[in-house]
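Novice: My structure is below; once you've seen it, I'll send some questions.
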Amino acid sequence: MELLLLALAGLVVLAVPVYNGIVNRKNAVQSAWASVLVQERQKMKILPALEKAVSEYSEFEKGLLTQITQLREHLNGLEEEAPNTDRLNQSEALTNEIMKSVNLTVEAYPDLKSEGLVRNMMQEISEQQEQIGAALRLFNSNVQIFNSYIQNFPNNLVNSILNKEPPVRVFTDSKAASNFEYRPNL
């Protein structure tokens, strides 16, 4: 009887750290997945703001180009022989309007080139994708650790009796996987 109680106590002493290990590793998997979602959420928050900024800058540049074309037409209409002060005043007013717009915009947005903004937007998207990739690698690493832990002996016995946690699927990308001819024989 004492031997049976001693064996049972030994099993409990061995089972508790395994049980807690399964719980801890499951929590690490959940935390890693939450990090993936945070990165996705961050990207989804940034992209609309970047798209709006690029669109606004592009619209500003289109408007500025139209104003400059109008100014050029006004200036070309000025003849050397017949001074036209009204046309000159219109040209000066248009020049002042363009300069005010450019100065205000330059103060608020030092880089007005939409080409640069598009490049910056693409760089930001690329950085967000890299961060998501890093978060997914961390997630898959935690999944591998968790799955190995619940499948190794004697942990699998404790898990099947107490925790009953199923293995977690690693993140895979079927579209990316279709680009490879190699298929592991798993």
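Novice: Expected output is a single nm value to one decimal: the length gained when fully extending between residue 13 and residue 152, i.e. 0.36 nm times separation in residues minus the C-alpha distance. What is it?
Specialist: 48.3 nm
Novice: Oh, and also: Find how much the distance from residue 56 to residue 73 grows on full extension, using 0.36 nm per residue of separation minus their present alpha carbon separation; answer in nm with one decimal.
Specialist: My answer for the length gained is 3.5 nm.
Novice: Set the Förster distance to 35 Å, then compute FRET efficiency between residue 145 and residue 45 from the Cβ-Cβ distance, nearest 0.05.
Specialist: Details: r = 30 Å, r/R0 = 0.87.
Calculated value: 0.70.
Novice: Hey, another quick one. When ranked by the protection proxy of mean other Cβ atoms within 10 Å per residue, highest first, what sequence do the peptides 160-166, 128-134 form? Before the final figure, lay out the partial values.
Specialist: Values: 160-166: 12.4, 128-134: 14.6.
In decreasing order of mean packing, 160-166, 128-134 become 128-134, 160-166.
Novice: For the ranges 6-17, 140-151, what's the packing order if you count other beta-carbon atoms within 10 Å of each residue, average per peptide, and put the highest first?
Specialist: Top to bottom by mean Cβ count within 10 Å: 140-151, 6-17.
Novice: Provide the gained length on full extension for the span residue 130 to residue 3, in nm with one decimal, where the gain is 0.36 nm per separating residue minus the Cα-Cα distance.
Specialist: Working: separation 127, 0.36 × 127 = 45.72 nm, distance 5.74 nm.
Gain on extension, residue 130 to residue 3, equals 40.0 nm.
Novice: Report the local net charge at residue 26: Lys and Arg +1, Asp and Glu -1, summed over other residues whose C-beta lies under 12 Å from its C-beta. Kindly include the intermediate steps, with their values, before the conclusion.
Specialist: Values: positive: 25, 164; negative: 165.
Once all neighbours under 12 Å are counted, the net charge is +1.
Novice: A follow-up question, please. Residue 168's amide H: which non-local residues (gap 5+, or another chain) put their own amide H closer than 5 Å, with H modeled 1.01 Å from N in plane and none for Pro or chain starts?
Specialist: 147
Every number here is computed from the coordinates shown, using simple stated rules; none is lab data. Keep in mind that this is a model prediction, so the values were computed, not measured. For neighbour counting, all protein chains shown are included, and Cβ atoms are generated from backbone atoms with ideal geometry for every residue, glycine included.
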